[in-house]
């Protein structure tokens with residue numbers, strides 16, 4: 001009878017202490033839930049706001065996995081939200097020499113150290129990817145070890161503490177700094193911080209105004225600021241790579257892409273980058289976006 005009176009007359013016993021009700025229900029096995037007892041010590045805590053380092057662009061990984069088999073070469077892509085500290089990497093290609101993409105941190109280091117005396121050299125090095133101009137920027141920073149340290153310091157500002165800027169001319173026909181080993185992931189982190197670095201506007205403005213024959217791949221996406229690099233490996237086959245900052249109403253996204261075309265031809269590398277850029281242009285909603293803190 002105790003069970004019946006509690007289960008069927010619950011509303012008449014609201015003056016009972018909640019503890020008494022709970023104890024009786026436990027003893028009688030009644031299956032009707034009592035009214036919830038408000039906690040006396042719990043404090044409502046809003047969900048934590050994710051930082052930019054928490055962004056992981058799984059949609060890019062999944063989407064690129066569908067595109068990659070149709071690309072005639074070894075291709076990789078990395079994306080990161082601007083201001084973020086985590087890059088998402090997809091594709092088979094992951095690391096290799098920087099070629100002219102290293103001219104971006106080089107130009108920033110030289111413009112900071114030498115101001116107007118570096119301006120015209122930076123124009124040619126970034127907008128036209130002129131190697132002689134880039135060598136001029138390099139020499140403005142001191143002897144090769146000192147110059148490498150200055151460029152490395154710019155990379156370190158972006159959180160890239162793993163990339164070692166090459167100071168020795170390991171291939172006589174090419175620049176020392178261009179042979180720096182720079183992974184897609186580390187390059188994406190640098191690119192994600194580039195808009196936030198002091199003095200970077202002078203570099204990104206040049207990246208937004210490339211000469212016409214440099215406007216391929218990621219540079220074709222509306223509003224992109226980009227820089228490409230390319231060159232032949234020891235086997236004569238070309239690596240073509242590119243970094244860019246893309247803008248959208250929700251923020252900015254850093255993208256780095258690299259291609260080793262099956263044919264080994266530079267023109268085929270550009271064609272593959274054009275295809276990747278076209279895919280990205282149609283799927284900008286997949287990218288992780290952020291802003292400078």
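The values are calculated or read from the model by the stated rules, or taken from the named source; none is laboratory data. Keep in mind that this is a model prediction, so the values were computed, not measured. Cβ coordinates were reconstructed from backbone atoms using ideal geometry, including for glycine residues, and neighbour counts include every protein chain displayed.
Quick grid of which residues meet (1) in a loop (DSSP other than H, G, I, E, B); (2) over 20 Å from the mean Cα position of the chain (by Cα):
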position	(1), (2)
257	no, no
268	no, yes
279	no, no
293	yes, no
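Taking the condition in the same structural domain as residue 186 (by TED's automatic domain parsing) and assigned to a loop (DSSP other than H, G, I, E, B), does residue 159 pass? Explain how you work it out, then say what you get.
On the way: in the same structural domain as residue 186 (by TED's automatic domain parsing): yes; assigned to a loop (DSSP other than H, G, I, E, B): yes.
Against the criterion (in the same structural domain as residue 186 (by TED's automatic domain parsing) and assigned to a loop (DSSP other than H, G, I, E, B)), residue 159 qualifies.
Go through the residues of the stretch 114-121 one by one and say whether even a single one is closer than 24 Å to residue 204 by Cβ and touching a strand residue (DSSP E or B) at 6+ places or on another chain (Cβ under 7 Å).
no
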Identify, by number, the condition in (1) more than 15 Å from residue 192 (Cα to Cα); (2) modelled with pLDDT under 95 that residue 220 doesn't meet.
-> (2)
Residues of the stretch 197-218 satisfying the condition of being within 29 Å of residue 86 (Cβ to Cβ), touching a residue at least 40 places away in the same chain (Cβ under 8 Å) and assigned to a helix (DSSP H, G or I) = 202, 203, 204, 206, 207, 217, 218
Within the bounds of the stretch 151-159, is there any residue that is under 17 Å from residue 100 (Cβ atoms), surrounded by 23 or more Cβ atoms within 10 Å (Cβ to Cβ) and touching a residue at least 60 places away in the same chain (Cβ under 8 Å)?
-> no
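Quick check on this structure: which one of 246, 280, 194 is more than 22 Å from residue 105 (Cβ to Cβ), in contact (Cβ under 8 Å) with a residue 12 or more places away in the chain, surrounded by 15 or more Cβ atoms within 10 Å (Cβ to Cβ) and touching a helix residue (DSSP H, G or I) at 6+ places or on another chain (Cβ under 9 Å)?
Values: 246 fails: more than 22 Å from residue 105 (Cβ to Cβ); 194 fails: more than 22 Å from residue 105 (Cβ to Cβ).
Unique residue meeting the criteria: 280.
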Quick one: how many residues across the stretch 261-277 are more than 14 Å from residue 238 (Cα to Cα) and either modelled with pLDDT under 95 or buried (at least 19 other Cβ atoms within 10 Å of the Cβ) (or both)?
-> 2
Determine whether the stretch 251-260 contains at least one residue that is surrounded by fewer than 19 Cβ atoms within 10 Å (Cβ to Cβ) and assigned by TED's automatic domain parsing to the domain that holds residue 98.
-> yes
Has the stretch 208-215 got any residue that is modelled with pLDDT of 95 or more, touching a helix residue (DSSP H, G or I) at 6+ places or on another chain (Cβ under 6 Å) and closer than 18 Å to residue 75 by Cα?
-> no
Identify all residues within the stretch 219-228 that are part of a strand (DSSP E or B) and closer than 20 Å to residue 93 by Cβ; write none if there are none.
-> 226, 227, 228
In the stretch 229-243, residue surrounded by the fewest Cβ atoms within 10 Å (Cβ to Cβ) [restricted to those that are over 18 Å from the mean Cα position of the chain (by Cα) and part of a strand (DSSP E or B)] = 232
State which residue is surrounded by the fewest Cβ atoms within 10 Å (Cβ to Cβ) when the search covers only the stretch 114-135 and only residues that are at negative phi and at pLDDT below 95.
-> 116
Taking residue 194 as the residue in question, decide whether it is under 24 Å from residue 116 (Cβ atoms), part of a helix (DSSP H, G or I) and within 19 Å of the chain's Cα centre (by Cα).
-> yes
